[in-house]
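The values are calculated or read from the model by the stated rules, or taken from the named source; none is laboratory data. Being a predicted model, the structure only gives us computed values, none of them experimental. Glycine gets a Cβ as well: all are built from the backbone with ideal geometry, and neighbour counts include every protein chain shown.
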Amino acid sequence: MENFLSIDQDRILFKNEFFFVIKDAFPVSPGHLLVISNTVRRDYFDLTQEERAHLDEAIHLAKTIVEAEFQPDGYNLGMNCGTAAGQTVPHFHLHLIPRYHGDTSNPRGGVRGVIPGKQSY
């Protein structure tokens, strides 16, 4: 599993005072990026108010990086907070997952698909 504390600096696509952006090591689609806190925080709910205030800027910058190379038709933003939610790395990171028409037979329900049988409604 990825250790964000030991990431090679050459992998960093963008960095500011609060966050950095890298390509996901196991992308689920072309252009899949991670927005990661510079300071180790367990998950979104452990970010400081100042970090949360700057997260939107980092997400939009990551989107700009994706769109310089790819032309996605949509996005999923994902954060796993706690082991019950599938979090395996105890360091805040947000998945910016580009989506493309036809990448799945029925995208309706989007992130609801994390619970089998709950995506369609």
Flag for Asn80 being in a strand (DSSP E or B), in contact with a Gly (Cβ under 9 Å, 6 or more places away or on another chain) and surrounded by 11 or more Cβ atoms within 10 Å (Cβ to Cβ): no
Thr64 vs. criteria among the β-branched types (Val, Ile, Thr), within 17 Å of His32 (Cα to Cα) and modelled with pLDDT of 95 or more: yes
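For every residue, the table says whether it meets (1) surrounded by fewer than 13 Cβ atoms within 10 Å (Cβ to Cβ); (2) within 21 Å of Arg112 (Cβ to Cβ); (3) of a type outside the set (Gly, Ala, Ser).
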{"position": "Ala25", "(1), (2), (3)": "yes, no, no"}
{"position": "Ser29", "(1), (2), (3)": "no, yes, no"}
{"position": "Gln49", "(1), (2), (3)": "yes, no, yes"}
{"position": "Ala68", "(1), (2), (3)": "yes, no, no"}
{"position": "Asp73", "(1), (2), (3)": "yes, yes, yes"}
{"position": "Asn76", "(1), (2), (3)": "no, yes, yes"}
{"position": "Val89", "(1), (2), (3)": "no, no, yes"}
Only listed residue being among the β-branched types (Val, Ile, Thr) and over 28 Å from Ser120 (Cα atoms), chosen from Thr48, Thr88, Thr104, Thr83: Thr48
Number of positions in the range 84-121 that are touching a residue at least 40 places away in the same chain (Cβ under 8 Å) and on the phi > 0 side of the Ramachandran plot: 0
Conditions (1) more than 14 Å from Pro98 (Cα to Cα); (2) out of contact with any Phe, Trp or Tyr (no Cβ under 8 Å at 6 or more places or on another chain); (3) polar (S, T, N, Q); (4) free of Cβ contacts under 8 Å to residues at least 24 places away in the same chain; number of the one not met by Asn16: (4)
Extreme residue, modelled with the lowest pLDDT, among residues of the range 1-12 that are surrounded by 15 or more Cβ atoms within 10 Å (Cβ to Cβ) and not β-branched (Val, Ile, Thr): Glu2
Test: residue in the range 1-18 that is among the aromatic types (Phe, Trp, Tyr) and in a strand (DSSP E or B): yes
Subset of the range 26-75 [charged (D, E, K, R), more than 15 Å from Lys15 (Cα to Cα) and in contact (Cβ under 8 Å) with a residue 12 or more places away in the chain]: Arg41, Arg42, Asp43, Asp46, Glu50, Glu69, Asp73
